[in-house]
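Peer 1: To start, I am sharing the structure in question, which I have written as structure tokens.
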Amino acid sequence: MQLYVIVPTYNEKENLPKLIEQLLALPVDLKVINVDDGSPDGTGAIADEWAAKDARVIAVHRPCKMGLGTAYIAGFRKAFSLGATHVLTMDADFSHNPKYIPSMVTLANDSDLVIGSRYVDGGGMVGAPWFRNALSSGANLIAKSALGLQANDTTAGFRLYRREVLESINFDHIFSSGYSFLIEMLYLVQRKGWRVGEVPILYEDRTEGQTKISRNEIMRALYTVARLTFRRFVKRK
């Protein structure tokens with residue numbers, strides 16, 4: 001397995017160094033691709049410092065904040081060019097704890113996409129206010145029901161993809177960006193018949209920096225669910 005971990009960042013100077021240290025210390029052979037969207041706090045420079053001293057870290061720079069979905073795609077393409085067989089995506093804020101990665105790698109032997117899931121037995125959310133819990137669970141229920149998704153955690157960004165899964169998706173035809181990108185990717189993966197597995201995780205609310213989820217992100221996610229539901233039931237393609 002040639003595993004590359006994609007970590008998109010925007011103003012994560014407090015978290016990125018600690019995250020890279022923990023990732024590289026795992027009992028898993030992996031490399032880290034940081035995709036930084038021109039962070040004004042110097043996150044990109046921190047990634048460059050790591051890349052200069054450890055070949056397992058690759059820094060990708062973009063000129064400005066261009067959206068989570070396109071950051072993932074930039075990371076996917078970089079990983080492909082480096083020979084990745086598997087690609088894992090995660091947040092930089094420690095809401096996705098690296099300690100779950102070995103379990104996700106194990107499940108990848110029998111699954112084409114593995115999700116670090118809050119909504120299976122043993123999973124959950126820690127430290128988030130009640131309205132964040134309600135918002136998250138409500139969004140998952142709506143997406144799962146409207147789109148007929150089999151996975152329980154439809155908006156999770158903690159995912160391990162087999163390369164062939166990603167290569168089966170035409171990224172140029174994905175309309176959504178931001179967190180709605182995650183819903184659309186899962187919808188497309190399921191439609192193509194790939195096997196989806198879930199590993200329980202405890203999602204931990206960030207302790208450093210500021211959350212990137214805005215009201216606009218929520219509205220875009222709802223629009224994405226509505227658009228894909230129309231495609232599912234009306235357009236049938």
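The values are calculated or read from the model by the stated rules, or taken from the named source; none is laboratory data. Quantities reported herein were computed from a predicted structural model and do not represent experimental measurements. Positions of Cβ are generated from backbone atoms using ideal geometry, with glycine treated the same way; all protein chains shown enter the neighbour counts.
Peer 1: Please note which helices (runs of 4 or more DSSP H) are completely contained in the range 1-110 and include at least 3 residues that are in contact (Cβ under 8 Å) with a residue 24 or more places away in the chain, over 19 Å from V199 (Cα atoms) and of a type outside the set (S, T, N, Q).
Peer 2: Here the list reads 16-24, 43-53, 68-81.
Peer 1: Could you tell me how many of the residues in the range 160-202 are of a type outside the set (A, V, I, L, M) and part of a helix (DSSP H, G or I)?
Peer 2: Matching residues across the range 160-202 total 12.
Peer 1: Please work out if N11 is of a type outside the set (D, E) and closer than 22 Å to R163 by Cα.
Peer 2: So N11 fails the test.
Peer 1: Out of curiosity, is D121 modelled with pLDDT of 90 or more and over 17 Å from A221 (Cα atoms)?
Peer 2: The answer is yes for D121.
Peer 1: Considering only the range 125-133, I want to know if a residue exists there that is closer than 21 Å to F181 by Cα and surrounded by fewer than 19 Cβ atoms within 10 Å (Cβ to Cβ).
Peer 2: So far as the range 125-133 goes, yes, one or more of its residues are closer than 21 Å to F181 by Cα and surrounded by fewer than 19 Cβ atoms within 10 Å (Cβ to Cβ).
Peer 1: Taking the condition of being under 14 Å from the mean Cα position of the chain (by Cα) and modelled with pLDDT of 95 or more, how many residues in the range 158-184 meet it?
Peer 2: Adding up the residues that qualify gives 6.
Peer 1: Moving on to the next point. Are any of the residues in the range 138-158 buried (at least 19 other Cβ atoms within 10 Å of the Cβ) and among the aromatic types (F, W, Y)?
Peer 2: yes
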